[in-house]
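Encoded as structure tokens, the structure appears first; notes follow it.
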Amino acid sequence: MKKNSLTIADWGEFGFIEALKQRLPKASGDLKLGLGDDAAWWSPAPGNGILTTTDMLVEGVHFDLSYTSAVDLGYKSLVVNLSDLAAMGAQPSTVYLSLALPAGIEKAWLESYIDGFLKLAQAHGVQLAGGDTVKADQLVISVTLCGLAGAAKPVLRSGAAVGDDIYFSGSLGDSYLGLQLLSGRMRDADDFGDFNESAAFLQTRHLRPTPRIELGVKLAASGGVTAMLDVSDGVIADLGHLLTASGGLGAELEVSCLPFSVAGRHFIDADLVDYVTLLSGGEDYELLFTAPPERRAKIKTIAAETVVNLTRIGRITASAGIFMLVDGSRKVVGGRGGYDHFQDQSS
């Protein structure tokens, strides 16, 4: 009998997750929501419940120590989870940190890593409650974060409706450009403005993104947000996840409304990158959400209260697919959604 030679690479990360979901019973009892959103939702007693999210970061896949300092890595390894809870409108509370460490890692490096991690934790009222450490050939970081739902019900990615506005917080594509600069994949642009200042801004946006906790909590409490997630895989991929979860809807985005930073526009104007690439770049850790048009005034008020730019970039449509309106023309955008650890070769 011929041996089955299929591998996880043939299956793919998202194929594996979907197959696992099919093997699990529907969430019931105290578990209100399992696989499929930014965090799991557990409600063992009357009240809003507890949200839990976990992520692993692997050296050489998620970070490169040649341009990532220990303190920056400590900061960012918690941001990933904070952003997940922000996307569901939860207030973070306790965190568990597990480290697989090479025996030769320096004590000073590890102390700096912990400094970055704990400083961000303290800024958001998060307590380190436990974890684990083991010896390994490469550095692996696992973070599990728990938080309390701040609204009557957490905001899921599955509630968008036809006609809803699509919003994006902050500016998009900065982290992607920062990574290209840090890794040497993008050449210098000496022909525009103060390149060094723009480069420093973009690199910081990659290494130290801002978790939108206050914004997520306020949006959830407003009761007017229909669906929300954080942008880790890129706008196109994550919007695709939201559309799929909401029943296979579609979206129209307006290119003239996309919120690029001044530094990001420098690179677009210099023809070093195009808007589709920035829409596909990951690790912005901004919030992408939908709300009906009658909530526009409330969204504007929340933007002012949190001092975060909230830009209406498009609308939800009935027909599947993501389209871009460019100078009056409607162009399809998309492709396979999200970085796949087993099918993509580049980090």
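Would you confirm, using the coordinates I've provided, whether V61 is closer than 27 Å to A123 by Cα and either at pLDDT 70 or above or assigned by TED's automatic domain parsing to the domain that holds A227 (or both)? Considered against the rule, which asks whether it is closer than 27 Å to A123 by Cα and either at pLDDT 70 or above or assigned by TED's automatic domain parsing to the domain that holds A227 (or both), V61 comes out as no. Being modelled with pLDDT under 60, under 23 Å from V225 (Cβ atoms) and not in a helix (DSSP H, G or I): is that true of G338 here? For G338, the condition - modelled with pLDDT under 60, under 23 Å from V225 (Cβ atoms) and not in a helix (DSSP H, G or I) - is met. V143 - would you say it is surrounded by 12 or more Cβ atoms within 10 Å (Cβ to Cβ) and of a type in the set (V, I, T)? When the stated conditions are applied, V143 passes them. If only residues of the range 265-304 that are without any contact (Cβ under 8 Å) to a residue 40 or more places away in the chain and small (G, A, S) are counted, the one that is nearest to V155 (Cα to Cα) is A303.
The residue list A90, A103 contains one member that is on the phi < 0 side of the Ramachandran plot and either crowded, with 19+ Cβ neighbours inside 10 Å or not assigned by TED's automatic domain parsing to the domain that holds A70 (or both), which is A90.
The values are calculated or read from the model by the stated rules, or taken from the named source; none is laboratory data. Keep in mind that this is a model prediction, so the values were computed, not measured. Note that we place each Cβ from the backbone using ideal geometry, even for glycine, and neighbour counts take in every protein chain shown.
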